[in-house]
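K.L.:
Submitted below is the structure of interest, expressed as structure tokens.
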Amino acid sequence: MSAPMLIALISQKGGAGKTTVAMQLAAGLALEGYRVAVADLDAQESAARWAASAPGQTPFPAEVKTLRGSPAELAKGLRKLANRVDIVVIDCPPSIEHPHTTGALELCDLALVPVVPSPTDLWSTRAIERLILERQRQRPKLRAALLPNRVMRTALAGDVLEVLQEFSLPVLQTPLSQRSAYALSAVRGGSVFGLGRAAAAAQEEVQALVTAVLGLAERTA
Ligand SMILES: Nc1ncnc2c1ncn2[C@@H]1O[C@H](COP(=O)(O)OP(=O)(O)OP(=O)(O)O)[C@@H](O)[C@H]1O
Ligand SMILES: [Mg+2]
């Protein structure tokens, strides 16, 4: 990977899993040997708090940097961070109108949209898809994909996932299921990779996501 890669987690709806995916993905990429940083653009500072929960002897495997300010300051902060690492994972606030979200969308190489398979999430995904498609018209190099998260084996989830296929953006075939390991690793300040064999299924899911994201990066280069 020559130029640093910027991956933004964005969604209109709160609680879709931006922070969870950002942190698991960052940890998974770090395990692959990449130098990774997380840029926390959300005033809730969930990513920063997550990393701060780590015990001293096992810090979170990526630096988490809180970035704030005007669009110009944000761009400068992201560039500075990107200079030190191979991949910056950007955790955005839960609004597509927020200047930090639009700023991240302006600068990132890949926008990942976590979508919980529920009807309300589907509706809000339509709005974000419109915004991304519009940005892609201006900036054809921008890649984007929907990522099903908190997937459960229910008829409703199945139906919603089917509807997702009709969206213009590609749907990553590496969903994350609803699993307590994802929430537990936040409490512990780590990732599912630090939870041992009990979290094997979650580890496999994140590993598959890491591979998919790196595949997208290769095609961007
Ligand atoms: N795959 C999953 N399995 C189980 N719990 C999950 C999963 N993904 C997210 N969660 C839980 O759902 C809640 C919301 O997730 P998260 O904070 O990552 O969403 P977010 O999009 O960052 O929210 P916000 O919009 O408030 O920033 C958290 O309690 C998190 O632990
Ligand atoms: Mg969040």
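What follows is calculated from the coordinates using simple rules that are stated; it is not laboratory data. Worth saying up front: this structure is predicted, and the values here are computed from it rather than measured. Cβ coordinates were reconstructed from backbone atoms using ideal geometry, including for glycine residues, and neighbour counts include every protein chain displayed.
K.L.:
Pairs of alpha-carbon atoms within less than 8 angstrom and 6+ residues apart define the contacts here; what relative contact order does the chain have, in percent?
P.N.:
Contact order relative to length: 27 percent.
K.L.:
Could you pull out every residue, at least 5 positions away or on a different chain, whose amide H is within less than 5 Å of the one on Val64? Hs are placed 1.01 Å off N in the peptide plane, and Pro or chain starts have none.
P.N.:
When sequence neighbours closer than 5 places are left aside, the close amide H contacts are Val38.
K.L.:
Also: Taking the Cβ of Gln173 as the center, what net charge do the other residues with Cβ under 14 Å away carry, scoring Lys and Arg +1 and Asp and Glu -1?
P.N.:
Around Gln173, the charge tally is -3.
K.L.:
Sticking with this structure for a sec: By count of other Cβ within 10 Å, fewest leading, how are Asp42, Asp91, Asp121, Asp86 ordered?
P.N.:
Final ranking by Cβ density, sparse to dense: Asp86, Asp121, Asp42, Asp91.
K.L.:
Springs between alpha-carbon pairs under 10 angstrom, Gaussian network model over the chain: which of Thr20, Thr58, Thr125 fluctuates most?
P.N.:
Thr58
K.L.:
Within the chain, what's the longest stretch lacking GluC sites (Glu not before Pro) that sit in DSSP loops with no more than 12 other Cβ atoms inside 10 Å?
P.N.:
1-96
K.L.:
As a test of the formula, what do you get for the chain when each DSSP H run with n ≥ 4 contributes -39,500 (n - 2.57) and the sum is divided by the residue count, at 222 nm and rounded to the nearest 500 deg cm²/dmol?
P.N.:
The helix-only estimate for the chain comes to -15000 deg cm²/dmol at 222 nm.
K.L.:
Could you pull out every residue, at least 5 positions away or on a different chain, whose amide H is within less than 5 Å of the one on Arg35? Hs are placed 1.01 Å off N in the peptide plane, and Pro or chain starts have none.
P.N.:
Answer set, sorted by chain and number: Asp86, Ile87.
K.L.:
Between the alpha-carbon centers of region 38-64 and region 160-221, tell me the distance in whole angstrom.
P.N.:
So the two Cα centres are separated by 19 Å.
K.L.:
Based on other C-beta atoms within 10 Å, arrange Phe60, Phe167 from fewest to most.
P.N.:
Least crowded to most crowded, the residues run Phe167, Phe60.
K.L.:
I need the helices of the chain that pass two filters: whole DSSP H segments spanning 27 Å or more by Cα along the axis, and mean Kyte-Doolittle score no lower than 0.0.
P.N.:
200-220
K.L.:
Further, regarding this structure: Nearest 20 debye, what's the magnitude of the dipole of the chain about its Cα centre given +1 on Lys and Arg Cβ and -1 on Asp and Glu Cβ?
P.N.:
Once rounded to the nearest 20, the dipole reads 340 debye.
K.L.:
Project the alpha carbons of the chain onto their principal axes and report the range along each, largest first, in whole Å.
P.N.:
Principal extents (Cα only, largest first): 45, 43, 32 Å.
K.L.:
In what sequence do Thr154, Thr174, Thr66, Thr101 fall when counting other Cβ within 10 Å, fewest first?
P.N.:
Thr154, Thr66, Thr174, Thr101
K.L.:
Along Cα→Cβ, 7 Å out, is where each label goes; now give me the distance between the ones at Thr66 and Glu32 in nm to one decimal.
P.N.:
In this crude label model, Thr66 to Glu32 measures out at 3.0 nm.
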